[in-house]
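Inspection log for the structure reproduced underneath, given as structure tokens.
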Amino acid sequence: MSMDEDLERKRHMLYYNQLLQTDRREKLKGGKQQKKKNKLSFGQQKVDFKDYVYAPDNYEFIAYIVYFVAVPYIAGAFFLFLFIAGGDFDNFMLLNLNSFIIVWLIGYEIVAAFLLFWIFIMFLQYEKEDDYDPYGFG
């Protein structure tokens, strides 16, 4: 087989593969209508904060701001009380809690680590539907 024939054969194969890919894309877009599933994957789920956090109707924005400020500050103060002051209230009162941002940042890191761990546990417990085929071949 000469070099020209080999090159021509490779061009035909490339053209054939492009036709197959185009055909598959058309099947995915309009050929078969896939059934909509409620749960596609863990990352595609809709998250509603009302499922996890209490927020009164029409005051959600205010409640979320209060949670965003208060929860990390309380977690930071609790951490300072238990681990830095050793659980002794007299030692805790010697700490300078006037620096709101430092206490809040300590608590923010604690809350963030807890939330990441919780999301990871939820990911491990998530059960994906077995019959979902994202490419429509099954």
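The values are calculated or read from the model by the stated rules, or taken from the named source; none is laboratory data. Note that the structure is a prediction, hence the values are computed from the model and not measured. No Cβ is skipped: glycine too gets one built from the backbone with ideal geometry, and neighbour counts run over all protein chains shown. In case anyone asks, the SASA skips ligands and DNA or RNA and just uses the protein heavy atoms, side chains included. Shrake-Rupley method; radii C 1.70, N 1.55, O 1.52, S 1.80 Å.
Summary of values
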read-out: Surface accessible to a 1.4 Å probe, per residue, for the residues of region 46-136, Å²; value: 81 Å²
read-out: Within-15-Å neighbourhood charge of Ile84 [Cβ basis; K, R +1; D, E -1]; value: -3
read-out: Chain lengthening between Leu14 and Ala55 when straightened (0.36 nm per residue, less Cα-Cα); value: 8.9 nm
